[in-house]
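Participant: Sharing a structure, written as structure tokens. Questions coming.
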Amino acid sequence: MSYVRTEDLVEITPASAGASEEPVALVAIGVFQDTETLTASQEALDELVGGGLTRARDRGDFRGRDSDDDFALFHRDGDGPQRMLFVGMGKVEKADRETVRKLAGRAVRRAEALSVTELHLVVPALVGEEDGAFEAVRAGAEGIHLAAFDFRELKTPGEGDDAPKPLVDRALLSVDGDAGSGLDEAIRVGSAFGAGENLARVLQFRPGNVATPSHLAEVAEAMAADLGLEITVLGPDEMEAEGMGALLSVAAGSDEEPRMIVLEHRGGDEGEAPLALVGKGLTFDTGGISLKPPKGMEDMKFDMSGGAAVLGAMKAIGMLRPGVNVVGVVPSSENMVNGKATKPGDVIRTRQGKTVEVINTDAEGRLILADALSYTADHFKPAAMVDCATLTGACVIALGHQAAALLGSDDDLVEELRGAGDRSGERCWPLPLWDAYRSQLESPVADLKNVGGRPAGSITAALFLSEFKGDVPWAHLDIAGTAYGEPRAPYQRKGGFGFPTRLLLEWVRTRSG
Ligand code: BES
Ligand code: ZN
Ligand code: ZN
């Protein structure tokens, strides 16, 4: 139950024949709402079922709306596809990459319901995009991998069950219309993004008694060996030597040793400043002495979601090997309670030197990140540093489950991330990082306190982090409302979403030109 080679799960290849000719168990094609005419592929499929699609449209039984319920399914015999599924995609002028991911998700969910493990997905070329066919195929591959993911490793297999099989194990992809070239590359990129995000999800789903800090480090080590990434793992002794008093103060209350995972991809020139990704890897957050209430505490196994996303992103980076240097850093600890646990009022010394009065031991994420940020800034002098963390409940109040909060010291970086969020379907939205809020963190006994009270809780948390970034352009994503929960798209399931793996990857991709 350690490192999962998720890229092996679904084998995606470009279709070699047209939608109506390829002999598959299920062909799925998207249909836009309110379109007068059918595309050539849709027409060919319609013909195979004696005009069934046209009839369904004429009768208003299938309208092509952007809804999981708006679809038409036909069954047939003979050569070519055995079943065909027309899936609603909504209005054509609203179509983007997320439309295609949802299309893929709906197709895989239908395949699942039909117990079909083979799928031919036909995606529309995105007219509003520069490289519309490429981007559609990429998003289609991503959506298939994400939708096919199912966390079953902790369920006892039923009698006669083989080893867990993927829900869909073979998929063909093609474009409704002119595909242009580069289909293979689009599938390669989409599959890497999907595989990376799925690794993050596996780690998120694993409970706190499985996914401990040392488990995350073992997974990272296996991955590094597999993909040729450099890896360094710091344990308590190395942290002590680094003077990481903040990270160690969080780990003090736990029997599980902390780890700090450092993964490096060297794709750029030697000596070129890397991009740095830092993720909170808090494998279980009880709140510490400032104990959380019991209701919903089980979800605090997801408090390592930021770290999981960084590991997922590094996996995809290892697979794609972009021409930039990237470093991924995951400080990992539990936040537990024992006789050695940090107490409210204790003053600790961070690696960077500033002292912190710990008012609330539940504000632990910013402590482990403080040491990780200063370590990353000093050791790697990154060109830019982005951290992601399930940091504050206040973020969920501010933005709900639709967007991560985005705060940063560098306006250009913030803008880049916002764009990457839009394109990846993992959206983020800016909050101000104004100095005016800084007084909320003043302590009578130390340089800072670790909480700034209830007002603007996500902003004061980010301001706390900003004290440790050195002079590196830095931005922070608070993913408390977006990393896990009830599914918001058909390619997700209840649990971990891997958010913001794709956002980070999209950003790295833009930066690598
Ligand atoms: N891990 C939590 C934040 C969190 C809350 C994540 C809800 C996901 C959902 C974090 O460590 C925490 O407990 N933050 C406190 C900070 C407070 C004590 C200043 C919070 O937000 O309540
Ligand atoms: Zn906490
Ligand atoms: Zn936490």
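Taken together, the values in this text are just the output of simple stated rules run on the coordinates, not laboratory data. This structure is a prediction, so every number in the text was calculated from the model and none was measured. Positions of Cβ are backbone-derived with ideal geometry, glycine not excepted, and every protein chain shown enters the neighbour counts.
Participant: Any idea which of 462, 420, 405 is more than 11 Å from ligand 1 (Cβ to nearest atom) and part of a strand (DSSP E or B)?
Facilitator: After applying the criteria, what remains is 405.
Participant: Counting only residues that are touching a Gly at 6+ places or on another chain (Cβ under 9 Å) and not in a helix (DSSP H, G or I), how many does region 295-328 have?
Facilitator: Qualifying residue count, region 295-328: 7.
Participant: Please determine whether any residue of region 302-310 is surrounded by fewer than 14 Cβ atoms within 10 Å (Cβ to Cβ), over 13 Å from the mean Cα position of the chain (by Cα) and in contact (Cβ under 8 Å) with a residue 24 or more places away in the chain.
Facilitator: no
Participant: Here's another thing I want to ask about it. For region 1-120, which fully contained helices (runs of 4 or more DSSP H) count at least 1 residues that are hydroxyl-bearing (Ser, Thr, Tyr) and in contact with a Cys (Cβ under 7 Å, 6 or more places away or on another chain)? Even if it seems obvious, please write down each step before you answer.
Facilitator: Details: elements: 40-48, 52-58, 97-113.
Passing ranges: none, list empty.
Participant: Out of all the residues in region 342-351, which are crowded, with 20+ Cβ neighbours inside 10 Å and assigned to a loop (DSSP other than H, G, I, E, B)?
Facilitator: The answer is 342, 350, 351.
Participant: Could you please find all residues in region 449-476 being within 16 Å of ligand 2 (Cβ to nearest atom) and at positive phi?
Facilitator: 453
Participant: Among (1) more than 19 Å from residue 309 (Cα to Cα); (2) out of contact with any helix residue (DSSP H, G or I) (no Cβ under 9 Å at 6 or more places or on another chain); (3) of a type in the set (D, E, K, R), there is one condition residue 221 misses while meeting the rest; what is its number?
Facilitator: (1)
Participant: Within region 246-292, which residues are of a type in the set (D, E, K, R), within 22 Å of the chain's Cα centre (by Cα) and within 14 Å of ligand 2 (Cβ to nearest atom)?
Facilitator: 280, 285
Participant: Select from region 373-395 the residues that are in a helix (DSSP H, G or I), surrounded by 24 or more Cβ atoms within 10 Å (Cβ to Cβ) and within 16 Å of ligand 2 (Cβ to nearest atom) and list them in ascending order.
Facilitator: 395
Participant: Out of 88, 80, report the one residue that is surrounded by 21 or more Cβ atoms within 10 Å (Cβ to Cβ) and either in contact with a Ser or Thr (Cβ under 6 Å, 6 or more places away or on another chain) or within 15 Å of residue 110 (Cβ to Cβ) (or both).
Facilitator: Numbers: 80 fails: surrounded by 21 or more Cβ atoms within 10 Å (Cβ to Cβ).
Checking each option against the conditions leaves just 88.
Participant: Moving on. Let me confirm something: among 345, 353, which residue is on the phi > 0 side of the Ramachandran plot and within 15 Å of ligand 1 (Cβ to nearest atom)?
Facilitator: It is 345.
Participant: Here's something else I'd like to know. Within region 194-244, track down each residue that is surrounded by fewer than 18 Cβ atoms within 10 Å (Cβ to Cβ), in a helix (DSSP H, G or I) and either aliphatic (A, V, I, L, M) or in contact with a Gly (Cβ under 6 Å, 6 or more places away or on another chain) (or both).
Facilitator: 222, 225, 227, 241, listed by residue number.
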